[in-house]
Amino acid sequence: MISRDCIVIGAGFSGLQCARRLHDAGLRVTVLEARDRIGGRTHVTELAGRTVDIGGQWIGAAHSELSNLAHQAGANVLPQFADGAKLLHLDSGDRDRLKRYRGIIPNANPLALLELQRAIQKLSRAQRSLTLDAPWEADQASAWDHQTLESWMRRHLRTRSGREIFDIAIRSVMTAEPGMLSFLGFLFYCASNQNFEVLTSVTGGAQAATVDGGMVQLAEWLAQPLVAAGELALQSPACAVKRAGNDWIVAAATGAEFRAPRVVCALPPALQDRIAFEPALPANRVQLANRMPMGSVIKTVVAYDTPFWRGAGLSGEAVSHSLAFNTVFDASPPTGEFGALVGFIDGAPARRWSAAAPDQRRAAVLGSLVRYFGDAARHPIGYVEHDWITDPWSRGCYVGLLTPGVLTELGPALRSPCDGIHWAGTETATEFCGYIEGALRAGQRAANEVIGDSGERSTT
């Protein structure tokens, strides 16, 4: 039995941030990670001789904690390439259309544009009534929480084009259909990340920059002193947390056991059922985990000899309502040795394509890129993908979804400690929920809770 001041479960960015803060404060900590790597929902692989992200990768313009971490780690931060026109692919009866546009709202018929502008304004006005630490206390919280974003959309968007464009945006941000989402939950997500426009923007938005060589460098920097002190255990999934007097005993699947007065669970709520808690967690916390499924996404990066789309005046950014590869960005390395496009199959299409054979999925992705960028997209020099739905230690991405009724019925259980068990992870963040920035801030908050509790214990 190994005694510690705190056990942190999960070595994603939130768990690592929490553990690093505790370590730096002089507390004895152990981090248990189920995977054979750190970084959680960030992940890298090799493509055409370079390291690329096939998990979380963007630094938003307002992501101050993540930007500071990148600076401390000595990482090379690159602006997301956005020069040129974007592409919008829509269905229209028996034919489809491919349109170029610039700005946030794609080029559509005037009525659809007017509807979209008004809808975005309504979202902005509604989100201003929320407080980030308790959105369930808003005057209209119950009414908003018990309706779906789909039902709201159908009332405010009447044109087919308007609905398709809005649906594209929701799936690209939430990796889920509007019908799965609480309207209040979506308003909170917008407010947590400033607003809807920021969520869907590159320049000045949530997709402002990337890390050359992959986001994993930042996780490795956070983990350095933990590794050096022997405080990080990989391939060690926590399987049980049991009360023992004033402490908790955390058992790993390896057979190792750890004893500590504080435990931090830095996992998405959807993974909470992987751990047997004794005594059982409060009912609201159990129900919360059952009612926050993960989004659905498959991420792919495709390499080409050159970024040929730039020669056609295109930024590489493309979206579609019906093509398999429904959200795409330029991911070409700054050194120029090849071109690359990164994109996603998200929402319901991701669940369908997850069941397909890899070569079928590859054909669908390349077929989408050919429709966007022409025949030159048919011949890549490299191709990598990661199906986050089938990843056993994520069960999906990007974030746990706030389904109807969750916030008003169970919201306080997101962050409320349970007798020495604390909660981290981006889902628990009040600011920048769903992003690495939110994960870092949630890890910080959990560490502060543990340090505060430890101080109280030492004086009693």
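The values are calculated or read from the model by the stated rules, or taken from the named source; none is laboratory data. On a predicted model such as this, the values are computed, not experimentally measured, just so you know. When we count neighbours, we look across all protein chains shown, and the Cβ atoms used for this are built from the backbone with ideal geometry, even at glycine. SASA here: full protein model, heavy atoms, side chains in, ligands and nucleic acids out. Shrake-Rupley method; radii C 1.70, N 1.55, O 1.52, S 1.80 Å.
For region 148-222, please list each of the helices (runs of 4 or more DSSP H) lying entirely inside it that holds at least 1 residues being more than 19 Å from the chain's Cα centre (by Cα) and of a type in the set (Gly, Ala, Ser).
Values: elements: 149-156, 160-174, 183-192, 196-199.
Answer list for region 148-222: 149-156, 160-174.
Go through region 273-292 residue by residue and tally those that are part of a loop (DSSP other than H, G, I, E, B) and small (Gly, Ala, Ser). Break it down stepwise before answering.
Step one: list which residues in region 273-292 are part of a loop (DSSP other than H, G, I, E, B), which gives 275, 279-282, 291-292.
Subsequent filtering for residues that are small (Gly, Ala, Ser) retains 280.
Qualifying residue count, region 273-292: 1.
For region 58-78, does any single residue satisfy the condition of being polar (S, T, N, Q) and open to solvent by less than 20 Å² (accessible area, probe 1.4 Å)? Full working, then the answer.
Taking region 58-78 as the starting set, the residues that turn out to be polar (S, T, N, Q) are 64, 67-68, 72, 76.
Narrowing the set further to residues that are open to solvent by less than 20 Å² (accessible area, probe 1.4 Å) leaves none.
No, because not a single residue in region 58-78 is polar (S, T, N, Q) and open to solvent by less than 20 Å² (accessible area, probe 1.4 Å).
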With the structure loaded, tell me whether Leu123 is open to solvent by 40 Å² or more (accessible area, probe 1.4 Å), among the hydrophobic types (A, V, I, L, M, F, W, C) and not in a loop (DSSP other than H, G, I, E, B) or whether it fails that test.
no
Any idea how many residues of region 18-43 are within 30 Å of Glu197 (Cβ to Cβ) and open to solvent by 40 Å² or more (accessible area, probe 1.4 Å)?
2
Among (1) part of a helix (DSSP H, G or I); (2) at pLDDT 95 or above; (3) of a type outside the set (Val, Ile, Thr); (4) open to solvent by 40 Å² or more (accessible area, probe 1.4 Å), the one test that Arg395 misses
(1)
The conditions are (1) among the hydrophobic types (A, V, I, L, M, F, W, C); (2) in a strand (DSSP E or B); (3) in contact with a Pro (Cβ under 9 Å, 6 or more places away or on another chain), and Ala270 fails exactly one of them. Which is it?
(2)
Within the set of pairs 6+ apart or on separate chains, which have a first residue in region 16-39 that is farther than 20 Å from Trp423 by Cβ, a second that is of a type in the set (S, T, N, Q) and modelled with pLDDT of 95 or more, and C-beta atoms under 7 Å apart?
Asp36/Gln235
How many residues are touching a helix residue (DSSP H, G or I) at 6+ places or on another chain (Cβ under 8 Å) and outside any loop (DSSP other than H, G, I, E, B) when one looks only at region 54-91?
14
Count of region 79-106 residues which are surrounded by 15 or more Cβ atoms within 10 Å (Cβ to Cβ), modelled with pLDDT of 95 or more, over 21 Å from the mean Cα position of the chain (by Cα) and not hydrophobic (A, V, I, L, M, F, W, C)
2
Close pairs (6 angstrom Cβ cut-off, 6 or more residues apart or separate chains): more than 19 Å from Glu409 (Cα to Cα) and open to solvent by 60 Å² or more (accessible area, probe 1.4 Å) in region 276-291, assigned to a helix (DSSP H, G or I) and not small (Gly, Ala, Ser) anywhere:
none
Need the failing condition index for Gln117 against (1) in a helix (DSSP H, G or I); (2) in contact with a Leu (Cβ under 9 Å, 6 or more places away or on another chain), just the number.
(2)
Exclusive hit being more than 23 Å from the chain's Cα centre (by Cα) and not acidic (Asp, Glu), set Pro392, Pro404, Pro380
Pro380
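Please determine, by comparing only the residues of region 126-147 that are outside any helix (DSSP H, G or I) and loosely packed, with under 13 Cβ neighbours inside 10 Å, which one is nearest to the chain's Cα centre (by Cα).
Step one: of region 126-147, the residues outside any helix (DSSP H, G or I) are 128-134, 138-140, 146-147.
Those still in the list that are loosely packed, with under 13 Cβ neighbours inside 10 Å too: 128, 131, 133, 139.
Details: Arg128: 23, Thr131: 22, Asp133: 19, Asp139: 29 Å.
Step by step, filter region 126-147, then rank; the result is Asp133.
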